[in-house]
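Values in this text are rule-based calculations from the coordinates and carry no lab data. The structure presented is a predicted model; accordingly, all values stated were derived computationally and were not measured. Heads up, the Cβs are rebuilt from the backbone with ideal geometry, glycines too, and the neighbour counts pull from every protein chain shown.
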Amino acid sequence: MTEAFAEDVAVLKATIATLPVDWDGKASILKLQEASYNWRQMEWWAFYFEYLCREVLADTFTIPGERFGNVGFDLKRSVNWDLKSKAIKSDDHQAILNDKTAMQETIAKYGEHGVVIALCDVEYNDVERTFQAWHSELKGGKSKYETERETRTNVSRYRKTRALLTELLILRFTADDLENLGTMKQGRNSNGKPRREKYLLDLEDASGFLVDRIVFRPVEIPTGLAQTVP
């Protein structure tokens, strides 16, 4: 690890350790709406994490980071950084990283690439899907994507209504490290062209990339707030 990367980590850790940890869905979406930042997105909690980081890191990092082709990174200091989120009680332990080519190019330029992953304990929509209905009404109705997906599957995905930040993982990747990552194939775009592949990180095998972590004090979840979907 270079001295410059270590300084990035020190600044990150000192700053994002102060992030709020209890993210109510409605309140968070309204803040995102006020900031005109991805408030329509189904996975609002992941974008809320990005928003919080952008707010507290604005004086110490360049936001957003550099672009390589059509792909941009979230932050830039000595190197480019990505901000990712993962629900800890999901069926898999895979975290989707960024575009493979873009990560290869930024590492070729700087020798290193940084990623911060927010691990969150999430709650889901109640059986009547009142949160989902509220969000749809706020957006002015269902999006084209939601409508098309429900037409294909006849199933509407449960929405996350609350997220509790439990841990932040700070990771470093080099060119050699990329060989140990998986690949996520994303199918095709609406024009028929294949989507660009992304790297995939197995969180159960992430110790070799981990340079630091921040563990937050558990927040007690009152009973009866929402039905959790396994």
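Points to keep in mind about this one:
- Computed over every Cα-Cα pair of region 1-103 and binned at 10 Å starting from 0, the pair-distance distribution P(r) comes out as 13, 40, 39, 8, 0 percent.
- Count Lys and Arg as plus one, Asp and Glu as minus one, and take only other residues whose Cβ is under 13 Å from that of ILE96; the net charge is then +1.
- Computed from the C-beta positions of SER90 and VAL127 and an R0 of 30 Å, the FRET efficiency is 0.90 to the nearest 0.05.
- Net charge over other residues, Cβ less than 9 angstrom from the Cβ of LEU181 (K, R count +1; D, E count -1): -2
- Exceeding the 30 Å Cα-Cα cut-off - candidates LYS160/LYS198; LYS89/LYS198; LYS31/LYS109; LYS109/LYS160; LYS89/LYS109; LYS26/LYS100: LYS31/LYS109; LYS109/LYS160; LYS89/LYS109; LYS26/LYS100
- Kirkwood-based Rg to Rh ratio, region 3-215, C-alpha trace: 0.96
- Taking the number of Cβ atoms within 10 Å of each Cβ as an exposure proxy, the fewest-first ranking of GLU7, GLU66 is GLU7, GLU66.
- Residues TYR37, TYR199, ranked from the fewest to the most other C-beta atoms within 10 Å, line up as TYR37, TYR199.
- Amide H to amide H, with H built 1.01 Å from N, GLU66 comes under 5 Å of PHE73, counting only residues 5 or more places away or on other chains.
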